[in-house]
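Only the coordinates and a few stated rules stand behind these numbers; no lab work does. If you're wondering where the values come from, they're calculated on a predicted model, not measured in any experiment. Here the Cβ is made from the backbone with ideal geometry for all residues, glycine too, and neighbour counts use every protein chain on show.
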Amino acid sequence: MKSYGWAMVAGVCALAIVAVPASAATIITSSNQTFIGKIIEETPEQIVIRTESGTVSVPLITIASIQRDLDPSAPKIVPARIHPVNAHKALEYAKAAVTAGDWAKAGCLLAGLLELPSASFPHEKRLGATASLVTCYLQIKDAKGAAKTFTQRAGLVVGEGNKRRLLAAAEALEKADAMMGLTIDGRPVPNYDEAIAAAMGWKAKQLLTEAQEIGTKATDLNDMSQLESAGKRIIAKLEEADLYNPGFSVTHREDALVSLADNIIQATKKAVELCTAERAANISRYWRTSAASAKAAVVYNTYATQYLGRRKAAEDGLKNLKTFATTSQVPGIYDKRGETEIAPLLKQLDELQYHVMMLGMPQQLRITLRRIGSQFN
């Protein structure tokens, strides 16, 4: 996507260290420590804040949230009142302000031009103005203003894909403002093109997370149709990411579908744990008394029915996973866990088909339902 901005962005580079006008802020870390003071420097690795007890460097990775207080002295962009007949002259002034790095002045003029009727400020000029206005907002560190302009630009472009990409950039900047200032996914965004590039990567990762959540929350995966349905929903969500990062769905297919494998394996582990406890507490215990009467046999059958259903569902889930991994062309989601997790679980499930050997049991017997009135099944 072309930025339609002006040459001014050539002089704006993502510096490794960004000196910023001191702004009041409250930083809360992941360990729930609070630092209140003036932010005097921001880098991709840390934020330096001057507190009443001294200057503190806080690593970005440890920051849970930042509340930035409004600085009355900070530059602001307020749309200038521009008469339609002066639109061309105002645009030239805006370009000159951009070249001079007077971002607030340029932004005020550009914002004012965008409020003019289309007859005075036509569509093609609005595209250039919105791209440059985004950079002006980013330069004065107004993420919300940049986000609003991205949304405004989305209403000007042709094509649903272009609109969605721009709205994703707006969404990323809204979240960046609330959390980590003018970084998106840890990447500084000093101008339009940098913001778009960072936002596209951020949005693709967000969709990957959403795809993984589908797999994590899926249920009844012992039913092959349910497993396949969950897989299709995951792939559909992942393929959305290709709009923002072409080819993302191919390179991250296994990353997304592995959530289904983890879901099945965790469910199987839980089933093995429950069946092991149930077999010792009730199944083999009530087997001994179930031959005494029809009533006792019914009690045993009640426990055994639930037990057998849980064990088989766990076994079916693992079998389905192997088939699904092959048909979905992601064998790694099964093979990488085959020896370390799946094989031991299958062995345990096989053992859980049989009663615990105990007094009165003539031999190790498979757990089945009683035929009412019979001594042994």
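Going by how many other beta carbons lie within 10 Å of each one, how would you line up LEU208, LEU243, LEU369, fewest first?
The most exposed by this proxy come first: LEU369, LEU243, LEU208.
Expected output is a single nm value to one decimal: the length gained when fully extending between THR251 and GLN46, i.e. 0.36 nm times separation in residues minus the C-alpha distance. What is it?
Contour length minus the Cα-Cα distance gives 70.7 nm.
Using a Debye calculation, one point per C-alpha and no hydration shell, please list log10 I(q)/I(0) for the stretch 242-377 at q = 0.11, 0.12, 0.17 Å⁻¹ in order.
The calculated log intensity ratios at q = 0.11, 0.12, 0.17 Å⁻¹ are -0.51, -0.58, -0.88.
Provide PHE248, PHE121 in ascending order of the number of other Cβ atoms located within 10 Å of each residue's Cβ, fewest first. The partial results should precede the final answer.
Values: PHE248 24, PHE121 21.
Exposure proxy ranking, most exposed first: PHE121, PHE248.
With the cut-off at 1.5 for a/c, could you classify the stretch 279-320 from its C-alpha gyration tensor as rounded, prolate or oblate?
Cα axes put the stretch 279-320 in the prolate bin.
What pairs from LYS217/LYS322; LYS269/LYS336; LYS89/LYS141 go past 25 Å between their alpha carbons? The partial results should precede the final answer.
Working: LYS217/LYS322 19 Å; LYS269/LYS336 17 Å; LYS89/LYS141 27 Å.
Too far apart for the 25 Å limit: LYS89/LYS141.
Suppose the Debye formula is applied to equal point scatterers at every Cα of the chain; what is log10 I(q)/I(0) at q = 0.08, 0.09, 0.11 Å⁻¹?
-0.63, -0.71, -0.87
So what is the relative contact order for the stretch 84-202, in percent, with contacts set as C-alpha pairs under 8 Å and at least six apart?
20
In whole Å, how far is the Cα centre of the stretch 244-267 from that of the stretch 106-158?
38
Summing -39500 (n - 2.57) over the DSSP H runs of n ≥ 4 in the chain and dividing by its residue number, what mean residue ellipticity at 222 nm do you reach, to the nearest 500 deg cm²/dmol?
-18000 deg cm²/dmol
Summing +1 for each Lys or Arg and -1 for each Asp or Glu, what net charge is found among the other residues whose Cβ lies under 14 Å from the Cβ of THR251?
Value of the local net charge: -2.
Using the 10 angstrom Cβ neighbour count as an exposure proxy, how do ARG81, ARG233, ARG310 rank, fewest first?
If I rank by nearby Cβ atoms, fewest first, I get ARG81, ARG233, ARG310.
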